[in-house]
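The values are calculated or read from the model by the stated rules, or taken from the named source; none is laboratory data. Everything numeric here is computed off the predicted structure, so don't read it as measured data. No Cβ is skipped: glycine too gets one built from the backbone with ideal geometry, and neighbour counts run over all protein chains shown.
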Amino acid sequence: MRPVVLAVAITGSVPRKADNPAVPITVAEQVESTHEAFEAGASLVHIHVRNPDETPSSDPELFKGVMEGVRRHCPGIIVQFSTGGRGRDPSARGSALYLRPEMASLSTGSVNFPTIIYENPPSLIDELATSMKQHGVRPEIEIFDLSMIHGARLLVDRGIIDHRPHVQFVLGVKNALPAQEHLLDILLAELRRQLPEATWTAAGIGRYQSEVMEWALRRGADGVRTGLEDNIRVTRSQLAKSNAELVSLATEKLTCHDARPARAEEARRMLSVAPC
Ligand code: ZN
């Protein structure tokens, strides 16, 4: 069975406890939730942090707390900080990169979200990508639209990121790309043209989570992503009990595609992250 990197996006910037009480908010909750997800097969954790009132935060101390706890309890797991998300001051979105997580998300363009413009002007993209390079942080390029593949290619051409980046396609965000299977084919074809050595994964938002995972696995994706950031339900009427429950569902899906969750050290090799 081939290994697939199973990423868990534990918190995000949108869901609140009122939406699903399992959304981890405090550092202790985030560490515990990641630990359960790790035991269930996750080898990469995507992290946003929150203030006590559940609003999004960029506080490096919070990122540090989660990273230290996760590294203690989940040996080898790839720690990925978000440099995006709604409700954060753009100038603070890279403020935790000096902590040197293994990876960080990097959106290479702007796009409409449900109620706002997700603004990633060229100057901010440069600043975040350069800071990642300086701190030895591997970017995961977040693709919300076709042009963002070209945005990534420009960074490669300028030597700011290497020629084998890890790329994530995000489908199903309202006002951005809808979750439609043929769009994944278009994105993938363009990725192979522009960045033939890139590794890739895909995230489906909300009720599209499992469908997008299915499409990605059928196309030989290096990774899949799940977690409460993207989806708080297991069925239309039933909330997910935990991030681990979503990871277990993803693991079952992998099995149907003759795949299995990559172990942490395999995941590091696959995504060109240094061994720990
Ligand atoms: Zn995120």
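Side notes on the structure shown:
- Residue check, VAL8 without any contact (Cβ under 8 Å) to a residue 40 or more places away in the chain, within 13 Å of the ligand (Cβ to nearest atom) and either outside any loop (DSSP other than H, G, I, E, B) or surrounded by 24 or more Cβ atoms within 10 Å (Cβ to Cβ) (or both): no
- Evaluated against (1) more than 19 Å from LEU106 (Cβ to Cβ); (2) buried (at least 21 other Cβ atoms within 10 Å of the Cβ); (3) not hydrophobic (A, V, I, L, M, F, W, C), THR201 falls short on exactly one condition, (1).
- Total residues in the range 196-221, condition farther than 23 Å from ARG16 by Cα and touching a Pro at 6+ places or on another chain (Cβ under 9 Å): 3
- Residue within the range 179-198 that is within 16 Å of the ligand (Cβ to nearest atom) and more than 20 Å from PRO15 (Cα to Cα) present: no
- Pairs linking a residue in the range 153-170 that is among the acidic types (Asp, Glu) to a residue that is not in a strand (DSSP E or B), with Cβ atoms under 6 Å and 6 or more positions apart or on different chains, do not occur.
- When ALA203, ALA274 are screened for being under 23 Å from VAL137 (Cβ atoms) and modelled with pLDDT under 95, only ALA274 passes.
- Among residues of the range 220-243, those that are within 16 Å of the chain's Cα centre (by Cα) and under 20 Å from SER33 (Cβ atoms), counted: 11
- TRP215 being in a strand (DSSP E or B), of a type outside the set (Ser, Thr, Tyr) and surrounded by 15 or more Cβ atoms within 10 Å (Cβ to Cβ): no
- Candidate set: the range 11-50, residues that are over 15 Å from LEU246 (Cβ atoms) and part of a strand (DSSP E or B); chosen: the one nearest to the ligand (Cβ to nearest atom): ILE47
- Residues in the range 169-219 that are within 15 Å of the chain's Cα centre (by Cα), more than 12 Å from ILE149 (Cβ to Cβ) and not aliphatic (A, V, I, L, M): GLY172, THR199, THR201, GLY204, GLY206, GLN209.
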